[in-house]
Amino acid sequence: MARNIQSLERAAAMLRLLAGGERRLGLSDIASSLGLAKGTAHGILRTLQHVGFVEQDEVSGRYQLGAELLRLGTTYLDVHELRARALVWTDDLARSSGESVYLGVLHQQGVLIVHHVFRPDDSRQVLEVGAMQPLHSTALGKVLAAYDPVAHSEALEADRKAFTERTVCDPDAFERILDVTRARGYAADVEETWEGVASIAAPVHDRRRMPVGAVGVMGAVERLQRDGELRPELVAAVRDCARAVSRDLGARRF
């Protein structure tokens with residue numbers, strides 16, 4: 001059985017201590033409460049302060065939780081709320097479209113799948129929550145790159161790998177795709193990432209009208225297309241789902 005890393009356990013205990021009780025604590029209080037030598041406590045605090053998880057008041061010398069830790073917590077809450085608001089609507093989209101539904105957010109120069117609804121049939125499927133998809137070739141990724149300036153920069157800076165002969169890697173051609181995505185309100189991936197697979201995605205916005213994710217369907221090309229074109233009823237269903245989730249997040253004009 002793997003052993004826990006003692007320094008990480010102590011750092012976690014320190015953060016929990018600072019999160020409860022008094023707003024700020026001195027070095028002696030922290031060391032005494034956790035049964036640590038002052039030198040050990042100070043070393044951990046200095047490391048936590050360096051990464052932004054802890055801040056030290058310049059006047060009193062006392063410590064409190066830092067802004068970076070708050071940002072991480074807010075990100076978790078945002079994703080949690082996004083997923084919670086999307087549950088009913090993504091289930092409806094899977095049922096009406098007959099296809100798998102994915103909800104994704106920007107994460108480390110890619111798309112992190114935070115919710116996945118299986119295609120409503122008896123086929124064997126694998127849950128892909130936690131999987132990563134590329135920004136430049138998938139419908140979810142193109143939507144994020146089109147509407148989120150950070151995702152846009154990361155998509156351009158990343159190595160745009162050619163997954164199939166249809167993958168668009170040229171930066172100018174990619175920018176034109178993003179212009180089309182913004183103009184029509186959705187993105188498509190027809191065999192750009194996986195042979196025989198197509199997807200359609202639309203953006204989800206929050207109450208500040210900021211893009212917080214993308215929702216879409218994915219399935220076999222022959223099911224998502226008719227006469228060589230994406231089925232318009234699927235495009236409409238995806239956009240309706242994205243607007244419904246956005247409204248539930250407080251966005252207006254959706």
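Here are the numbers for the structure shown:
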item	result
Test: residue in segment 87-97 that is modelled with pLDDT under 90, surrounded by 18 or more Cβ atoms within 10 Å (Cβ to Cβ) and within 18 Å of P211 (Cα to Cα)	no
Checking R182 against (1) without any contact (Cβ under 8 Å) to a residue 24 or more places away in the chain; (2) within 25 Å of V150 (Cα to Cα), the condition it does not meet	(1)
Residue in segment 118-127 that is without any contact (Cβ under 8 Å) to a residue 40 or more places away in the chain and either open to solvent by less than 20 Å² (accessible area, probe 1.4 Å) or not in a loop (DSSP other than H, G, I, E, B) (or both) present	no
Which listed residue is closer than 25 Å to A94 by Cα and of a type in the set (V, I, T), from V215, V180, V168, V150	V215
Strands (runs of 3 or more DSSP E) (entirely within segment 142-234) containing at least 3 residues that are open to solvent by 10 Å² or more (accessible area, probe 1.4 Å)	197-205, 211-220
Selection from segment 132-141 of residues that are part of a loop (DSSP other than H, G, I, E, B) and not polar (S, T, N, Q)	L135, H136
Criterion: loosely packed, with under 14 Cβ neighbours inside 10 Å and polar (S, T, N, Q) - qualifying residue of Q133, Q108	Q108
Filter pass, E22 being surrounded by fewer than 16 Cβ atoms within 10 Å (Cβ to Cβ), acidic (D, E), more than 23 Å from A237 (Cα to Cα) and at pLDDT 85 or above	no
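The values are calculated or read from the model by the stated rules, or taken from the named source; none is laboratory data. Everything numeric here is computed off the predicted structure, so don't read it as measured data. All Cβ positions, glycine included, derive from the backbone under ideal geometry; neighbour counts span all protein chains shown. Just the protein is used for accessible areas: all its heavy atoms, side chains included, with ligands, DNA and RNA removed. Shrake-Rupley method; radii C 1.70, N 1.55, O 1.52, S 1.80 Å.
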